[in-house]
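Peer 1: Please find one structure pasted underneath; my questions will follow.
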Amino acid sequence: MNTAGESFLRLVTIMDELREKCPWDKKQTIETLRQLTIEETYELADAISANDYKSIKEELGDLLLHIVFYAKIGAEKNEFTLDEVINGVCEKLIHRHPHIYGDVKVADDEEVKRNWEKLKLKEGKTSVLGGVPKALPSMVKAMRLQEKAKQVGFEWDNKEQVWEKVEEEIGELQEAIGNLQEAVSNNLSSVVSRQLSVEDELGDVFFSLVNFARFLQVDAENALERTNKKFISRFTKMEAEALKDGKQLHDMSLEEMDAIWNRIKKNE
């Protein structure tokens with residue numbers, strides 16, 4: 001059986017051959033690969049959410065292929081090599097783990113993360129939030145922003161304080177909704193601005209709920225995805241149950257659909 005190093009070199013060799021001989025692989029650029037890489041990343045995320053290790057293994061292989069592919073294109077353009085990619089991350093890991101490769105002492109993983117952010121600032125980062133990608137999905141981005149802010153002490157002391165903030169934000173949302181309804185009822189010119197205010201306040205509610213999830217040590221994005229999957233499962237079962245009775249959902253009342261939904265939920 002090949003070692004990890006031998007297997008990796010085999011992949012590099014195959015990539016070289018495909019880039020030279022395959023019409024599709026020869027045509028790819030970093031721009032055309034970008035969307036495919038995003039798709040592969042989400043497929044890995046789905047596999048992790050499902051705790052499906054067989055699929056996790058497969059999706060990790062796909063992502064590794066993409067890394068080698070990008071490095072191949074970088075080398076062709078004389079921008080960087082695969083060796084530089086690998087050695088770059090090795091040097092970064094050594095530099096950012098002085099408690100392993102130096103004489104720095106740490107008490108726990110939280111101190112490790114704080115030291116990591118301090119080192120990044122010393123390397124030239126202008127903000128602790130600078131490493132959060134702009135293209136991240138909003139909920140994941142919220143989690144990363146909060147986690148990074150925590151490393152410099154911008155953090156609540158306990159979950160009770162966070163929940164108070166959630167309730168405060170809900171109150172502000174309700175006030176904004178009331179203002180919007182007033183503007184609509186009286187045909188005021190401020191309808192658009194008040195609608196935007198509702199959107200802002202709803203965003204604040206979402207952000208504070210993500211923060212509360214973090215204090216509960218719950219992955220907010222994964223929690224929502226679990227609910228999405230649960231909804232899909234129950235809704236498709238409801239469609240099937242309706243068909244058994246010779247009905248379509250759009251021909252049924254909400255009360256009829258709700259009765260089927262509750263029955264499915266109870267059986268779970």
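Peer 1: Residues that are under 17 Å from residue 213 (Cβ atoms), at least 3 per element: which helices (runs of 4 or more DSSP H) completely within region 96-161 meet that?
Peer 2: Answer list for region 96-161: 138-150.
Let's see how each residue does on (1) farther than 27 Å from residue 42 by Cβ; (2) surrounded by 13 or more Cβ atoms within 10 Å (Cβ to Cβ); (3) at pLDDT 90 or above:
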site: 107; (1), (2), (3): yes, no, no
site: 110; (1), (2), (3): yes, no, no
site: 135; (1), (2), (3): no, no, no
site: 139; (1), (2), (3): no, yes, yes
site: 142; (1), (2), (3): no, yes, yes
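Peer 1: Any residue that is over 19 Å from the mean Cα position of the chain (by Cα) and either on the phi > 0 side of the Ramachandran plot or not assigned by TED's automatic domain parsing to the domain that holds residue 11 (or both) - is there at least one of those in region 61-75?
Peer 2: Looking through region 61-75, none of the residues is over 19 Å from the mean Cα position of the chain (by Cα) and either on the phi > 0 side of the Ramachandran plot or not assigned by TED's automatic domain parsing to the domain that holds residue 11 (or both).
Peer 1: Further, regarding this structure: Considering only region 40-73, state which residues are closer than 24 Å to residue 220 by Cβ, at pLDDT 95 or above and surrounded by fewer than 13 Cβ atoms within 10 Å (Cβ to Cβ).
Peer 2: Selection gives 53 alone.
Peer 1: Select the helices (runs of 4 or more DSSP H) contained entirely in region 1-94, then report the ones holding at least 1 residues which are touching a Gly at 6+ places or on another chain (Cβ under 9 Å).
Peer 2: 4-21, 30-49
Residue by residue, here is whether (1) of a type outside the set (Gly, Ala, Ser); (2) outside the structural domain of residue 48 (by TED's automatic domain parsing); (3) in a loop (DSSP other than H, G, I, E, B) holds:
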{"residue": "226", "(1), (2), (3)": "yes, yes, no"}
{"residue": "229", "(1), (2), (3)": "yes, yes, no"}
{"residue": "233", "(1), (2), (3)": "no, yes, no"}
{"residue": "237", "(1), (2), (3)": "yes, yes, no"}
{"residue": "241", "(1), (2), (3)": "yes, yes, no"}
{"residue": "246", "(1), (2), (3)": "no, yes, yes"}
{"residue": "250", "(1), (2), (3)": "yes, yes, no"}
{"residue": "258", "(1), (2), (3)": "yes, yes, no"}
{"residue": "262", "(1), (2), (3)": "yes, yes, no"}
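Peer 1: Go over the candidates 49, 55, 7 one by one and state the one that is over 28 Å from the mean Cα position of the chain (by Cα) and either in the same structural domain as residue 226 (by TED's automatic domain parsing) or among the polar types (S, T, N, Q) (or both).
Peer 2: Step by step, each of 49, 55, 7 is checked, and only 7 is over 28 Å from the mean Cα position of the chain (by Cα) and either in the same structural domain as residue 226 (by TED's automatic domain parsing) or among the polar types (S, T, N, Q) (or both).
Peer 1: Does residue 172 qualify as being under 24 Å from residue 223 (Cα atoms) and either modelled with pLDDT of 95 or more or not in a helix (DSSP H, G or I) (or both)?
Peer 2: no
Peer 1: Now, a different point. Would you pick out the residues in region 169-207 that are farther than 21 Å from residue 138 by Cβ and among the charged types (D, E, K, R)?
Peer 2: Passing the criteria: 175, 182, 194.
The values are calculated or read from the model by the stated rules, or taken from the named source; none is laboratory data. Quick caveat, the model's predicted, so the values are computed rather than measured. Neighbour counts are summed over all protein chains in view; Cβ atoms, including those assigned to glycine, are modelled from backbone coordinates with ideal geometry.
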